[in-house]
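*Asks:* What follows is a single structure, and I will ask about it in a moment.
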Amino acid sequence: MLFKIWGHLFFFLIGITIRITGKEKISKNTKCVVVANHHSFLDTPMIYAALPFFVRPLARSDYGKIPLFGYIYRIAAIPVNRDSISSKKESFQKMLSAIREDGTNIFIFPEGSFNETDSILKPFFDGAFRIAKASGQPIVPVLFPDTIKRWHYSSFWSWRPGISRAYILDPIPAEVVARLEIKQLKELVYREMEMHLIHIDT
């Protein structure tokens, strides 16, 4: 609840109005792994404002030093050093523990970092899909088509007031997650997110 309040207050203070589509597809009791596209510093606070439940994000270990957001990352995120195999293994086990022992939902950007390309999405890493399969959780894809317009990744102090939309897509059921191989699951979620982003922008 604290993080949701923080999210809404933050957006109010910087003059951004959030509009959410697909809220009926999940509830505060939903257990899942959440994935989203990543274009902006706004993406993480958008998740806290858009979802009815708490999530722990997987985040680069140096994100705790970011102004404004560092405190949130330090107390909520599961840190990972992507250059370290041991760090990635440790983070994976922490995510599994958070899901199995604490009942916490996990949030991951499958692109890994900001999409600074001309493509709608960057190629996905395996992590989000491995954790969903290992934990037996469904996957909930979320899209942020406007955050790059509101706060571009290239300049930290450059936010612009306006509307920022969040689209919650149909969850990928746990039985589908269990049935598909990692590569197939990753391709399925990628296609769903890509298709909806194209539709939103046309």
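Every number here is computed from the coordinates shown, using simple stated rules; none is lab data. This structure is a prediction, so every number in the text was calculated from the model and none was measured. Cβ placement follows ideal geometry from the backbone for every residue including glycine, while neighbour counts extend to all protein chains displayed.
*Asks:* So what's the net charge close to residue 169: Lys and Arg +1, Asp and Glu -1, counting the other residues with Cβ under 9 Å from its Cβ? Show your work: numbers first, answer last.
*Replies:* Details: positive: 25; negative: 170, 192.
For residues surrounding residue 169, the net value is -1.
*Asks:* Is there a pair in 23/88; 25/89; 89/186; 89/149; 25/133; 31/183 whose C-alpha atoms are over 29 Å apart, and which pairs would that be?
*Replies:* 23/88; 25/89; 89/149
*Asks:* Among the chymotrypsin sites (Phe, Trp or Tyr not before Pro) within region 145-202, which fall in a DSSP loop and have no more than 14 other Cβ atoms within 10 Å of their own Cβ?
*Replies:* Numbers: sites: 151, 153, 156, 157, 159, 167, 190; in loops: 151, 153, 156, 157, 159.
Answer in residue order: 156, 157.
*Asks:* What are the residues whose amide H is under 5 Å from the amide H of residue 106, where those residues sit 5 or more places off or on another chain and H is modelled from the backbone?
*Replies:* Under 5 Å from the amide H of residue 106 lie the amide H atoms of 32, 34, 56, each far enough along the sequence or on another chain.
*Asks:* Next up: Please list, in chain and number order, the residues 5+ apart from residue 166 or on another chain whose amide H is under 5 Å from its amide H, with Hs placed from the backbone.
*Replies:* When sequence neighbours closer than 5 places are left aside, the close amide H contacts are 19, 20, 21.
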